[in-house]
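Have a look at the structure below, then the notes.
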Amino acid sequence: MILIVNSTFDDQISKEVSAAALERELDIEVIEAAPLKISHCIGCNHCWLKTPGECSVKDDYEIILKKVIHADQMWVISDTALGFIDHKGKNIFDRILPICTMYLKFKGDQMRHVMRYDKKTDIGLIITGEADRDYLKRWSERAALNFGSRSLGVFNRNEIKEAVSCM
Amino acid sequence: MHVMIINGSPRVKQYSNTDKILEKFTAGMSENGTTFEQYEISDRKQWDKIREAFDKNENILIALPLYVECIPGLLMEFLESLTPKKDDSKIAFILQSGFAEGIQLRCGESYLKMLAGRLGCRYAGTLVKGDNFGIRLLEGAQREKITDPYTEMGREFAVKGDFSSDECRKFTGPEVFPPFVRAVLGLVFMTVAKRSFKKAAASWGCTRPLDYRPYN
């Protein structure tokens, strides 16, 4: 299953993604996250040390968390700000911490947290507005390490066909 | 020099590792007359005041924890609300993380360099250091062993006004650990570290295994 999380208020983008994915007969699920109540990560570490795997912030992010652990891919559609994804998009990534455990290991030459679930979810980005795309590509590759996976790329809002071809 | 400091951690001040780092850093920075004012991003009630102070001050320092390879969402939300400056202000950063190796923070550091320009400020460097997760779990001398070295960096910053010195660069420590150290740490992760995490969890009232899967 491919999970699409649209953190923008422009549902036209996710509709276009859905239509293009349908043409390729892909199994996708779309979450329109902008109208949902999704807080930032408050850094309490409860998901690692107090209620393992569960976020202490009780809001709509749990909908995403329950889906992402079964998803082969998660694509986040995000607005941009200050050359990067905006805070709504970043919150989708920051709140992912419960899929990791507190435990540590080395992956290659770098420390990583041991993943909580077996599924490894690749990540992709579709952005609206101006951003430093080279930086975002680099960042998404690093961010994928937190999912124990890889980045599928960063695409602009007008490159939806290209993005879907990578799904 | 007067420095406006923003603690960019979303964690409340009481539990903020970044705050404990700033406590030591500012002690060193203030020794020879440098003054500062400090604000917390975790307290939304301060946001109007922080915006005013950002507009007014020319020496700005943002200290932040690395969240998923870059800046925390809450800090991003605040920064989005700023009007980029048009004066000669400069901005420096303290970037800290749990993971110990310097390489873990470089992607975040690159963004901060870009961010300074986007905020209309000159970039005055980033003090990069990992291995700070223990600050919250430890107390007394054990905690200070982690935070004390920041005092010297505060002195350095007061003299130079930036983080460009060799001392600041070396402060990061190793970019990656050599293979032998990784092998030893790998064993520590599977034994001593696991036990200490379980102990910390028990003291927080945790009743489940740390690898528990609530949604399977």
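Where Rh is the Kirkwood radius over the Cα pairs of the stretch B:177-216, the temperature 25 °C and the viscosity 0.890 mPa s, what D in µm²/s does Stokes-Einstein return? Each step should come with its number before you reach the end.
Working: Rh = 11.7 Å.
In µm²/s, the coefficient rounds to 210.
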(message) To test your reading of the geometry: what angle, between 0 and 90 degrees and rounded to tens, separates the Cα axis of helix B:106-118 from the longest principal axis of chain B?
(response) 20 degrees
(message) Considering all alpha-carbon pairs of chain A, what whole percent are spaced by more than 24 angstrom?
(response) 32 percent
(message) Per residue of the stretch B:157-167, what does 6.51 cos²θ - 1.76 cosθ + 1.60 with θ = phi - 60° give for ³J(HN,Hα)? Whole Hz please, x for Gly and Pro, Karplus curve as stated.
(response) 5, 4, 6, 8, x, 7, 10, 8, 6, 4, 4
(message) Please rank A:T101, A:T80, fewest neighbouring Cβ atoms within 10 Å first, as an exposure proxy.
(response) A:T80, A:T101
(message) Let me check I've understood the local charge: for B:Q46, count other residues with C-beta under 13 angstrom from its C-beta, Lys and Arg +1, Asp and Glu -1. What total comes out?
(response) 0
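Regarding the stretch A:29-113, what whole-number volume in Å³ per residue does the convex hull of its Cα atoms give? Numbers along the way, then the final one.
Values: hull volume 10.6 nm³, N = 85.
Output value, Cα hull per residue: 125 Å³.
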(request) Evaluate the relative contact order of chain A (contact order divided by residue number), counting alpha-carbon pairs under 8 angstrom at least 6 apart; express in whole percent. (result) 23 percent
(message) Pairs of alpha-carbon atoms within less than 8 angstrom and 6+ residues apart define the contacts here; what relative contact order does the stretch A:22-102 have, in percent?
(response) 36 percent
(request) Under 12 Å from a label point 7 Å along Cα→Cβ of B:R44: give me every residue in the stretch A:35-72 with its amide N that close. (result) A:38-40
(request) Return the ratio Rg/(2.2 N^0.38 Å) for the stretch B:1-60, where Rg is computed over Cα atoms only. (result) 1.12
(message) Using each residue's phi in the stretch B:132-138, evaluate 6.51 cos²θ - 1.76 cosθ + 1.60 at θ = phi - 60° and report the 3J(HN,Hα) Karplus result to the nearest Hz, with x for Gly and Pro.
(response) 10, 4, x, 3, 6, 7, 9
(request) Would you mind estimating how fast the protein assembly as shown diffuses translationally, via Stokes-Einstein at 20 °C and 1.002 mPa s with the Kirkwood radius over Cα pairs, in µm²/s? (result) 99 µm²/s
(message) Restricting to bridges with both residues inside the protein assembly as shown, how much of the DSSP beta-bridge set is antiparallel, in percent to the nearest 5?
(response) 15 percent
(message) When only alpha-carbon atoms are used, what values of Rg and Dmax, in angstrom, describe the stretch B:2-176?
(response) 14.8, 44
(request) Would you mind telling me the antiparallel percentage of the DSSP bridges in chain B, rounded to 5? (result) 5 percent
(request) Could you work out the mean count of beta carbons from other protein chains within 10 Å of each residue's beta carbon in A:137-143? (result) 4
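Kindly flag which residue pairs out of A:K107/B:K198; B:K45/B:K129; B:K13/B:K129; A:K120/B:K145 have an alpha-carbon separation exceeding 31 Å in this structure.
On the way: A:K107/B:K198 22 Å; B:K45/B:K129 29 Å; B:K13/B:K129 20 Å; A:K120/B:K145 37 Å.
Where the Cα-Cα span goes over 31 Å, the pairs concerned are A:K120/B:K145.
Relative contact order for the stretch B:97-192: what is it in percent, counting Cα pairs under 8 Å that are at least 6 residues apart?
Working: 83 pairs, mean separation 34.3, N = 96.
Relative contact order here is 36 percent.
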(request) Note the angle between two axes, namely the Cα long axis of helix A:133-145 and the longest principal axis of the Cα atoms of chain A, as a number of degrees from 0 to 90, rounded to the nearest 10. (result) 40 degrees
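Going by how many other beta carbons lie within 10 Å of each one, how would you line up B:R136, A:R24, A:R116, B:R143, fewest first? If you can, show how the numbers build up before the last one.
Working: B:R136 19, A:R24 11, A:R116 26, B:R143 16.
Ranking B:R136, A:R24, A:R116, B:R143 by Cβ neighbours within 10 Å, fewest first, gives A:R24, B:R143, B:R136, A:R116.
Read-outs: derived from the displayed coordinates by stated rules, not from any lab. All values reported here derive from a predicted model rather than from experimental measurement. All Cβ positions, glycine included, derive from the backbone under ideal geometry; neighbour counts span all protein chains shown.
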